[in-house]
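S.K.: Just passing along the structure, written as structure tokens.
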């Protein structure tokens, strides 16, 4: 049996159980999931954590704070942040297991590489059971929302299904964090179809959270949850601690920044490929979510055949066979997660800006939450957020709550827009009231990472038609720095 951290008849669940931990953003769901797993840690238990937003070192410190005696050799972390630095993509490091200072870390190039994440999870789980002989293994997936923003919907649903089957196969216990703010309700219902229940989280007045459980034929009422630790245990890096290898010039405008990102967009060309086998359709669906167009080309020469070329204009970035690429992105069965060499084409996509073409406000809200959550968990630094009209912030109860939480966490919040409604007197933000055309037409959220490259993220989009936006989001440090510098210089308070 595994502990759920909930009092009453649902205090423990049988092996093979996976639960959603779901609720609004910034209600400490991730903290709750980490604490639940860590509090149940013992010498017979192994843990695998998948992170799409936090660095492995930060995640390990949080886990170790709740389980000081945790054995690093019994913990594995899958780093799917796609951040700067780290181990080579697809690598699983033995360094920490050797020196005893931390867990093993598997590095995956992007939250969109679901196959890479699945392969790493499988290898860790199998290693904990077969190699270390542990009786109990747990999985914490933190969080599913980021994957939805980087990969197409069908793939994420299939990925969750495959992961839950893996948990069931080893009679383990899984917790999957889902932020419901701005989240498409149909995903929520699909996710619930592949899990055994949910731990729901909501805010409790005047402060704190409450949880309740449903599933496995059981349910309970709302129960208050207390945290002894602060919401942001990590000390933010000092300002100016950034300095990644890639630098970008400060753009002349947000429109110019979007145009530059579009110009860097690569293309995948399938050369001398037999379209009858349907590979082009599956590759098109996968790469469309990565903002990479897929085209076919018939060459005058017989070779190469069935080769996928990733290129920017005439510049070749990477190449691999169509069969290898198709196999690598398949998540229809657990066999797709067997360890294998990652194709160079997928490796080369790590760190690219992700386009948002012809999207609506609902899509931008979901991406904004990812950037805002990084600021919240950092508990420092600066966020610059453009709302076009400030009524889009102060007239939206959910958005107002998010920005109240950011201020309370210690983030220096700057909001931009036409001041069409009064700003609350206790808002705690710096208002950049502007009627500038660029502010009126642009939606952006930029977090400087509190000086740490791993925490940087940005979204910028412009409204080219009523309710229709074009832009991109990125976690490339140099590009985030350039966007932040432009916004602060061009639109001072």
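The values are calculated or read from the model by the stated rules, or taken from the named source; none is laboratory data. Keep in mind the model is a prediction, meaning the values are calculated, not measured. For neighbour counting, all protein chains shown are included, and Cβ atoms are generated from backbone atoms with ideal geometry for every residue, glycine included.
S.K.: Checking residue 450 against (1) closer than 26 Å to residue 404 by Cβ; (2) touching a residue at least 40 places away in the same chain (Cβ under 8 Å); (3) surrounded by fewer than 24 Cβ atoms within 10 Å (Cβ to Cβ), only one condition comes out false. Which one?
M.R.: Failed condition: (3).
S.K.: Let me ask something additional. When you go through 192, 210 one by one, which is the residue that is more than 26 Å from residue 163 (Cβ to Cβ), assigned by TED's automatic domain parsing to the domain that holds residue 9 and modelled with pLDDT of 70 or more?
M.R.: 210
S.K.: Look at residue 176 and say whether it is at pLDDT 90 or above, assigned to a strand (DSSP E or B) and surrounded by 18 or more Cβ atoms within 10 Å (Cβ to Cβ).
M.R.: Spelling it out, residue 176 is indeed at pLDDT 90 or above, assigned to a strand (DSSP E or B) and surrounded by 18 or more Cβ atoms within 10 Å (Cβ to Cβ).
S.K.: Which of the residues that make up segment 145-162 are in a helix (DSSP H, G or I) and touching a residue at least 60 places away in the same chain (Cβ under 8 Å)?
M.R.: 145, 146, 147, 148, 149, 150, 154, 155, 158, 159, 162
S.K.: Hey, does segment 486-493 have a residue that's assigned to a helix (DSSP H, G or I), within 22 Å of the chain's Cα centre (by Cα) and touching a residue at least 60 places away in the same chain (Cβ under 8 Å)?
M.R.: No, segment 486-493 contains no residue that is assigned to a helix (DSSP H, G or I), within 22 Å of the chain's Cα centre (by Cα) and touching a residue at least 60 places away in the same chain (Cβ under 8 Å).
S.K.: So, restricting to helices (runs of 4 or more DSSP H) that lie completely within segment 391-443, which ones have at least 3 residues that are more than 25 Å from residue 378 (Cα to Cα)?
M.R.: It comes to 437-441.
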